[in-house]
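Comments concern the structure below.
Each value in this text was obtained by applying a stated rule to the coordinates, not by laboratory testing. Note that the coordinates shown come from a computational prediction; the quantities given were computed from them, not determined experimentally. Note: ideal-geometry Cβ built from the backbone for every residue, glycine included; neighbour counts use all protein chains shown.
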Amino acid sequence: MTVSNFDQWKELDEAYAQFSNAKAQYFKLREVAKQSIDVAEEFRFGSPGISREIAFEKAKDLSIEERKNIFPDIVAYASYVHGFTEASRDLILGLPREWVLLNIEKVADPILKNGSHEEYSALLDLYKLISPSLFDSLIRRCAMSDDLEIREIAFDYAQKTKPK
């Protein structure tokens, strides 16, 4: 082994040691943060604070009643596509189905009132997971929209499900 190769390996070894220490520190601090955050506060849009990742991780550990308290915030996160869309859906699907069916539309309705193609599409995907009748109801709402892009959602779904 040449001196040059030895120096490169030594540099790589030192960088790996720094990386390992930083990674261990990250996981330690992440656990401390998970114990100390107020999940409900972190779910509020525009809330400054820690990362959403930690808030979503901690939300998984909340009781059903605690999740119900942040249900409007979870639905809001599920209403558009981003890194936590699937996690939002999973939190919703983890709630009692009958309770979700009784509450989802009154929470989603204000989002849809001013919603665009994105909100309608994301909520349709969620509704499809919750209930066929809920999904069908939202498709009909899309079909009657004044917004051409939203009406096209209903047309696109009709084309996908049309028998060949």
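Backbone N atoms of region 57-92 closer than 18 Å to the 7 Å Cα→Cβ label point of residue 27 belong to residues 57-58. In this structure, the pairs whose alpha-carbon distance is over 22 Å, taken from 23/68; 106/160; 58/113; 28/58; 28/68, are 23/68; 106/160; 58/113; 28/68.
Extension gain, residue 113 to residue 156: 0.36 nm times the residue separation minus the Cα-Cα distance gives 13.4 nm. Per-residue Karplus couplings for region 117-126, computed as 6.51 cos²θ - 1.76 cosθ + 1.60 with θ equal to phi - 60°, are listed in order as 3, 4, 5, 4, 5, 5, 6, 4, 4, 5 Hz, Gly and Pro entered as x. For region 70-77, 3J(HN,Hα) computed residue by residue from phi via the Karplus equation (6.51, -1.76, 1.60; θ = phi - 60°) reads 9, 3, x, 6, 5, 4, 4, 5 Hz, glycine and proline entered as x.
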